[in-house]
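Visitor: First the structure, then my questions, so here it is.
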Amino acid sequence: MPTFSPAVAWTLLAIVLAVLEVPAPAFVFAPLAVAAAGAALAAFLGAAIEGQLLVFAATAAVVLVLAHRGGRRWLGRGPSLPMSADALPGARALVASAIDNSRDEGRVMLDGMEWTARSARGTSIPVDTRVRVVRVEGVKLIVEPESEPESEED
């Protein structure tokens with residue numbers, strides 16, 4: 001059975017960790033791959049196993065801290081994109097089933113999907129009326145007709 005020098009073992013570990021990082025979107029294995037490469041360099045330079053482990057641990061810690069700080073700074077830049085229900089207010093929809101809050105009825109079509117809807121002002125809204133989403137409450141869209149002057153804020 002062939003024996004590997006510690007430098008070769010650390011290098012192989014670095015390669016395996018780097019390959020594992022490719023499908024992992026969380027930047028988990030890359031810092032460890034860098035740390036293993038550092039330990040491989042320490043082994044190549046003749047450090048004892050304790051020194052190699054120390055280099056591995058210290059390098060992993062430093063890379064993780066730097067990546068965390070840099071990632072936080074990088075992610076904090078630029079416009080934030082509204083996600084999920086946060087993106088719906090202001091969207092335009094078409095009433096598919098008359099909206100009547102007193103009977104707890106009404107549905108709208110928005111981007112090819114049918115949603116339960118209620119009137120923001122409590123008034124009935126007939127079928128085929130174009131509406132604008134005011135807010136989202138649970139899984140219900142609160143809407144108002146587009147033709148009302150108060151909703152024409154572009």
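Values in this text are rule-based calculations from the coordinates and carry no lab data. Here the structure is a predicted model, which means the values were calculated and not measured.
Visitor: Want the number for HIS68 to VAL22: 0.36 nm per residue separation, take away the alpha-carbon distance, what's left? Write out the running numbers ahead of the final one.
Guide: Values: separation 46, 0.36 × 46 = 16.56 nm, distance 1.85 nm.
Value of the extension gain: 14.7 nm.
Visitor: Percent relative contact order of the range 84-146, based on C-alpha pairs within less than 8 angstrom and at least six residues apart?
Guide: Details: 154 pairs, mean separation 21.4, N = 63.
Result for the range 84-146 is 34 percent.
Visitor: A further question follows. What translational diffusion coefficient, to the nearest whole µm²/s, does the range 84-146 have by Stokes-Einstein, given a Kirkwood radius computed over alpha-carbon pairs, a temperature of 25 °C and 0.890 mPa s viscosity?
Guide: Values: Rh = 10.9 Å.
It diffuses with D of about 224 µm²/s by this estimate.
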